[in-house]
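Bear in mind these aren't lab numbers, they're just calculated from the coordinates by the rules spelled out. Keep in mind that what you see is a predicted model, and the values were worked out from it rather than measured. Cβ: placed from backbone, ideal geometry, glycine included. Neighbour counts: every protein chain shown.
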Amino acid sequence: MYANDGFRELDRQECLRLLTKVPVGRIVHTRRALPAVLPVNFCLDDDGAVLLRTSAASELARAVDGAVVAFEADEVDAARRAGWSVVVTGRATVVTDPAEQRRLTRTGPRSWAPSPQEVFVRIHPELVTGRELTGGRTLYGVDLGP
């Protein structure tokens, strides 16, 4: 975030709380040395890790396993010119432990596009940042209304 940009900075706990309120975010990873962004449904694990579920044969599973990725989710109210955005940055890993896979099958996200063989991807939240604009007013008191 940039100092004095008119948004309120959110702390880690507030960011994680907000992530539980939305069902879809975007994972940012590298594809052929270029940034790639993919919308995904997700949930948070008890430790704050972002969990995704995808096809075991997907390009996403191969591309992110062991890589540092970013995950972003937000909520926007265009009429009020208000909203928030949270970014989680960390290493993504495909879950391979059988006991963990069984647990996540019960508690983890359900795929919106199921496939015969699925895997869970965990993003360890090494860096969690967020910002909020409330009611169309900046930190300077400038009204952003029409």
*Mean residue ellipticity at 222 nm from the helices of the chain, using -39,500 (n - 2.57) per DSSP H segment of n ≥ 4 over the full residue count, to the nearest 500 deg cm²/dmol?*
-4500 deg cm²/dmol
*asked:* Cα atoms only: what Rg and Dmax, in Å, come out for the chain?
replied: 16.8, 55
*Expressed as an acute angle from 0 to 90° and rounded to the nearest 10, what is the orientation of the C-alpha long axis of helix 98-107 relative to the principal long axis of the chain?*
50 degrees
*asked:* Could you tell me the center-to-center distance, by alpha carbons, between region 87-121 and region 44-65 in angstrom?
replied: 5 Å
*Between residue 28 and residue 75, how many nm apart are label points set 7 Å from Cα along the C-beta direction?*
2.2 nm
